[in-house]
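The values are calculated or read from the model by the stated rules, or taken from the named source; none is laboratory data. As the structure is a prediction and not an experimental result, all values here were calculated from the model. Ideal geometry is used to build each Cβ from the backbone, glycine not excepted, and the neighbour counts take in all protein chains shown.
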Amino acid sequence: MLAKGSAPWIVTAVTISIFATIAHFFLSWPYTDKIALLGLAVTIFFLFFFRDPERKVDQCDRIMLAPADGKIVDIRGRKICIFMNFQNVHVNRVPINGKIHSIVHKKGGYIPAFCKDSDRNERSHMLIETEHGLVEVIQIAGTVTRRIVSYVREGDQLTQGERFGMIRFGSRVDVTIPENFDIACKIGDRVFAGLTVIARATDCEE
């Protein structure tokens, strides 16, 4: 399965490769063979990058699941920061059941997403109303990324593990943890969206 919004990128790469191949074999235009191979390579990269595998999500209101694939690079108080490199699946998933209170998009720079200064990057703040209080999920753009994509709107009721958006080409996702939850991960851990438990309710047994 491919992520929403990936079709224009893939179709463009395929089209360039096809036209370059035709131009090479039938018109003998120079360099078209190299362009065709480049188009094929880009197509393969896009198919890999925009992959969106189905996942079996074990839902539970007493746990929070990772909103993104990647590596935990920082834990700041009640906030967990997950860095995604180009090899990770970039589709983001809802960490806990709730209703979207607000979505605010903020413009900014494009500092590498694993740097602390990336808090000034372009980002999208999504605030979710849950039975445990407000949970904020922040999508932060990286150096190459120029697009944060949202699949949801304010007022939508969200289900744990549901896809809510993606960030293109290397980025970071931060998520806040309610006070009545214990953080169940540490810096350096590899996590997977909708699968890895990152926090548990204080009275929740493993």
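Can you tell me which residue in the stretch 27-54 is nearest to Thr15 (Cα to Cα), limited to those that are in a loop (DSSP other than H, G, I, E, B) and within 15 Å of the chain's Cα centre (by Cα)?
So the residue we want is Phe50.
Among the residues of the stretch 35-62, how many are β-branched (Val, Ile, Thr) and surrounded by 17 or more Cβ atoms within 10 Å (Cβ to Cβ)?
Number of matching residues: 3.
What are the pairs with Cβ atoms under 7 angstrom where one residue, in the stretch 52-65, is free of Cβ contacts under 8 Å to residues at least 60 places away in the same chain and the other, located anywhere, is not polar (S, T, N, Q)? Sequence gap at least six, or different chains.
Pro53/Met1; Pro53/Val89; Glu54/Met1
Tell me, which residue of the stretch 139-185 that is closer than 13 Å to Ile82 by Cα and in a loop (DSSP other than H, G, I, E, B) is modelled with the highest pLDDT?
Top of the filtered list is Cys185.
Of (1) of a type outside the set (Gly, Ala, Ser); (2) modelled with pLDDT under 80; (3) under 26 Å from Gly188 (Cα atoms), Met126 satisfies all except one. Which?
Going through the list (1) of a type outside the set (Gly, Ala, Ser); (2) modelled with pLDDT under 80; (3) under 26 Å from Gly188 (Cα atoms), Met126 breaks only (2).
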